[in-house]
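Take a look at the structure below.
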Amino acid sequence: MVTPKILTTFDKVLLGGVGCGMIGICALIGGFYLIWQNPPDPFPTATPVELAEIPTVAFTSTPPRVDFPTATIQPILTPILEGTLIPTPTPSFGDAPPPFGKIVFTCFVEQIDQICILNADGSGRKQLTDFEATSFYASLSPDGKTILFASRRSGTYEIYRIETNGEGLERLTSGIGGLYAPEYDPTMEKIVFTNDTGGQQHIWVMKANGNNPHPLTDGPYDDIDPTWSPDGTLIAFASSREGARQLFVMEYNGSDVRQVTDLPDMGGRSTWSPDGTRLAFYAGPFGDHNIYVINIDGTGLVQLTDGGDNLGPSWSPDGNWIAFTSFRDGNNEIYIIHPDGTGLTRLTNSTISDWQPRWGK
């Protein structure tokens with residue numbers, strides 16, 4: 001029989017240490033096993049925060065204001081030949097200078113139409129002719145020294161010229177037809193006019209001394225009331241070539257005729273703006289004509305007057321005014337108006353009829 005070994009104190013300590021070590025090793029192995037089976041998430045999802053959990057910040061004063069610099073509006077710039085830029089001015093006819101220059105017109109004196117003239121401010125009225133026959137359709141030369149007009153003082157309507165002081169009367173034509181509405185070109189080398197031959201009216205031209213008169217237009221229709229463009233390259237006129245009378249422009253030699261207006265009840269006389277881009281004319285039923293402005297390409301039609309039976313417009317040399325005849329006060333008188341329809345001013349106030357104004361220097 002084997003006698004059990006009695007364990008000494010040393011043996012007890014040794015066995016206890018070995019047991020504890022084994023337990024620790026087993027626990028460590030178990031921990032690694034669990035981690036291997038359930039690896040941690042490398043990108044953990046944050047726990048959402050409820051809005052109620054976000055504290056509200058109460059401002060005790062108004063947050064400071066940030067002032068940004070105000071943008072500067074630059075004027076519209078227009079290139080000029082030197083390559084620099086200058087502001088394009090906005091027309092303000094309310095600030096326009098007083099009218100200047102002279103206006104020649106027809107005045108009905110003792111039952112006969114005569115030629116009269118006055119300053120553009122309405123002063124200095126003077127009668128230049130005192131014939132026993134009609135004189136009308138006057139126009140001023142570009143230099144403001146001479147007046148062209150039509151008169152039948154010789155029995156038929158011929159073209160005459162006279163100085164603005166009433167001296168130097170001269171007849172320029174003889175026996176080529178019934179002549180009306182003469183006007184110098186800008187160089188004063190040529191005169192354009194209307195010629196009525198056998199009941200048909202057409203546009204003619206001649207030298208300033210009356211030589212070499214010849215037609216620019218021809219056909220079974222009427223062409224009337226010609227007027228030169230400021231640069232002398234174009235002539236505006238009224239014509240019935242397309243049926244009802246309309247406004248047309250053509251080259252100075254009669255070529256390239258093109259229609260500008262398409263309106264009912266067109267009048268005859270027109271006038272160029274000094275920059276050559278627009279025409280003023282009159283239109284409307286009998287007794288109710290009005291003044292209009294239009295671009296020479298037929299766009300931008302603007303009506304300047306409304307009632308009064310207005311006729312025969314003429315642009316001022318500076319472009320700020322348009323003179324015309326009006327019956328608004330019960331008698332034909334000369335008025336002026338800005339091209340935007342403002343500034344209506346009456347120039348004449350007489351018991352006789354004043355009409356057919358033509359503006360010049």
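State all residues of the stretch 100-128 that are over 16 Å from residue 140 (Cα atoms) and surrounded by 14 or more Cβ atoms within 10 Å (Cβ to Cβ); if no residue qualifies, say none. Of everything in the stretch 100-128, those that are over 16 Å from residue 140 (Cα atoms) and surrounded by 14 or more Cβ atoms within 10 Å (Cβ to Cβ) turn out to be 108, 109, 112, 113, 121, 122.
Could you check how many residues of the stretch 314-324 are in a loop (DSSP other than H, G, I, E, B) and in contact (Cβ under 8 Å) with a residue 60 or more places away in the chain?
Of the residues in the stretch 314-324, the ones in a loop (DSSP other than H, G, I, E, B) are 316-321.
Then drop every residue that is not in contact (Cβ under 8 Å) with a residue 60 or more places away in the chain, which leaves 316-318, 320-321.
Final tally of qualifying residues: 5.
Specify which of the listed residues (296, 291) is aliphatic (A, V, I, L, M), under 20 Å from the mean Cα position of the chain (by Cα), within 19 Å of residue 354 (Cβ to Cβ) and crowded, with 19+ Cβ neighbours inside 10 Å.
Details: 296 fails: within 19 Å of residue 354 (Cβ to Cβ).
Answer to the check: 291.
Conditions (1) free of Cβ contacts under 8 Å to residues at least 40 places away in the same chain; (2) closer than 19 Å to residue 101 by Cα; (3) in contact with a Pro (Cβ under 8 Å, 6 or more places away or on another chain), marked per residue:
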{"position": "312", "(1), (2), (3)": "no, yes, yes"}
{"position": "326", "(1), (2), (3)": "yes, no, no"}
{"position": "331", "(1), (2), (3)": "yes, no, no"}
{"position": "348", "(1), (2), (3)": "no, yes, no"}
{"position": "351", "(1), (2), (3)": "yes, no, no"}
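How many residues are over 14 Å from residue 95 (Cα atoms) and part of a loop (DSSP other than H, G, I, E, B) if we restrict to the stretch 330-340? Qualifying residue count for the region: 3. Considering only the stretch 105-126, I want to know if a residue exists there that is closer than 27 Å to residue 232 by Cβ, among the basic types (Lys, Arg) and out of contact with any His (no Cβ under 6 Å at 6 or more places or on another chain). The answer is no; no qualifying residue exists.
Is there a residue in the stretch 301-310 that is crowded, with 23+ Cβ neighbours inside 10 Å, under 23 Å from the mean Cα position of the chain (by Cα) and not in a loop (DSSP other than H, G, I, E, B)? Can you show your working first?
Taking the stretch 301-310 first, the residues crowded, with 23+ Cβ neighbours inside 10 Å are 310.
Adding the requirement that they be under 23 Å from the mean Cα position of the chain (by Cα) leaves 310.
The next check asks that each one be not in a loop (DSSP other than H, G, I, E, B); those that pass are 310.
Yes; the residues of the stretch 301-310 include at least one that is crowded, with 23+ Cβ neighbours inside 10 Å, under 23 Å from the mean Cα position of the chain (by Cα) and not in a loop (DSSP other than H, G, I, E, B).
Which members of the stretch 341-361 meet the condition of being of a type in the set (Phe, Trp, Tyr) and more than 24 Å from residue 95 (Cα to Cα)? Scanning the stretch 341-361 gives a single hit, 355. Which residues, counting only those in the stretch 258-277, are crowded, with 19+ Cβ neighbours inside 10 Å and outside any loop (DSSP other than H, G, I, E, B)? Selection gives 266, 271, 272.
Values in this text are rule-based calculations from the coordinates and carry no lab data. All of these numbers come straight from a predicted model, not from anything done at the bench. Neighbour counts run over all protein chains shown; Cβ positions are idealised from the backbone, glycine included.
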